[in-house]
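The values are calculated or read from the model by the stated rules, or taken from the named source; none is laboratory data. From a predicted model like this one, the values you see are computed outputs, not experimental measurements. Don't worry about glycine lacking a Cβ; one is built from the backbone with ideal geometry, like all the others, and counts go over all protein chains shown.
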Amino acid sequence: MRLRVINALVLAVVLTASPISSQTDTVQDDLAKPFNWSGITSAEAGIQLSLRTRWEDGVMKYVATLTDGKGRIARYFSKHPENGPIPMSSFQVTFSDEAGFRLYTLYIHDRTFAKVEGTANFESAGESQCTEKVYRAALKAAKATSKSDQSSHGLNFPTELTATPAPAKR
C-alpha cells in the first residue's frame, strides 16, 4: 500500500512538472507560425504592401514588401542619400481590433527597405515591441475580417507617392 502511494505521488509530481501538452505551448506555437496579412493596395499611389508576421522571443517579427508598378518607390528611396539622416518612419502599418479600434502601429524606417534583386519590389525585415496580447487581438481581427470587405490593418505612406510625377524634360 505504501509503495502505491509513493508511486502515485511520484507520478503526480512528474506530470505536474512536465505536462504532456499544455494549452500555452500550443498557443505559442500558433503565434510562431508565419501569418500572411491580406495585401493593401493604393491604386492612387500604385503601390501594394504585403506583410508577413510571427511572434517569437517576445517580439513581433515582420517582413514587409512594397510592390510598385509605376517606379515611384524607387524614385522616393533614391532621394534619401545612403549616409544622410534617416527619416522618421514614412511607412506605418496600423492594426485594429474586431470593433475597428486601433491596437498598434508598426513603424518601418525608410532606410530598412532594400531593393529585391531582379524586381521593382522593396523589402524590409525586422521586429517590433508589440505585446503578445495586442498581437493576438490583431490576428483575431484579421481572421474575422478576412471574409468581409473590411480590413483589420491599414498603411500610411508618404503623400509624395500619390503625387503625379513631373513630366520628363525634353
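When the residues of the range 51-84 are narrowed to those that are crowded, with 17+ Cβ neighbours inside 10 Å and among the polar types (S, T, N, Q), which ends up modelled with the lowest pLDDT? Going through the qualifying residues, I end up with 67.
Within the range 86-97, the set of residues being assigned to a loop (DSSP other than H, G, I, E, B) and either within 22 Å of residue 159 (Cβ to Cβ) or aliphatic (A, V, I, L, M) (or both) comprises 86, 87, 88, 89, 90. Return the residues of the range 106-125 that are modelled with pLDDT under 95 and not hydrophobic (A, V, I, L, M, F, W, C); say none if nothing qualifies. Within the range 106-125, 107, 109, 110, 111, 112, 115, 117, 118, 119, 121 meet the criteria. Restricting attention to the range 98-133, the residues that are under 25 Å from residue 58 (Cβ atoms) and either out of contact with any Ser or Thr (no Cβ under 8 Å at 6 or more places or on another chain) or in a strand (DSSP E or B) (or both) add up to 20.
Looking for something in a loop (DSSP other than H, G, I, E, B) and of a type in the set (Lys, Arg) - is there at least one such residue anywhere in the range 44-64? If you could, list the steps in order and put the result at the bottom.
First pass over the range 44-64, keeping only residues in a loop (DSSP other than H, G, I, E, B): 44-46, 57-58.
Filter once more, keeping what is of a type in the set (Lys, Arg): none.
Looking through the range 44-64, none of the residues is in a loop (DSSP other than H, G, I, E, B) and of a type in the set (Lys, Arg).
If you check every pair at least six apart or on different chains, which have Cβ atoms under 6 Å apart with a residue in the range 105-129 that is free of Cβ contacts under 8 Å to residues at least 24 places away in the same chain first and a residue that is part of a loop (DSSP other than H, G, I, E, B) and not aliphatic (A, V, I, L, M) second? Listed by first residue and then by second, the contacts come to 107/89; 109/89.
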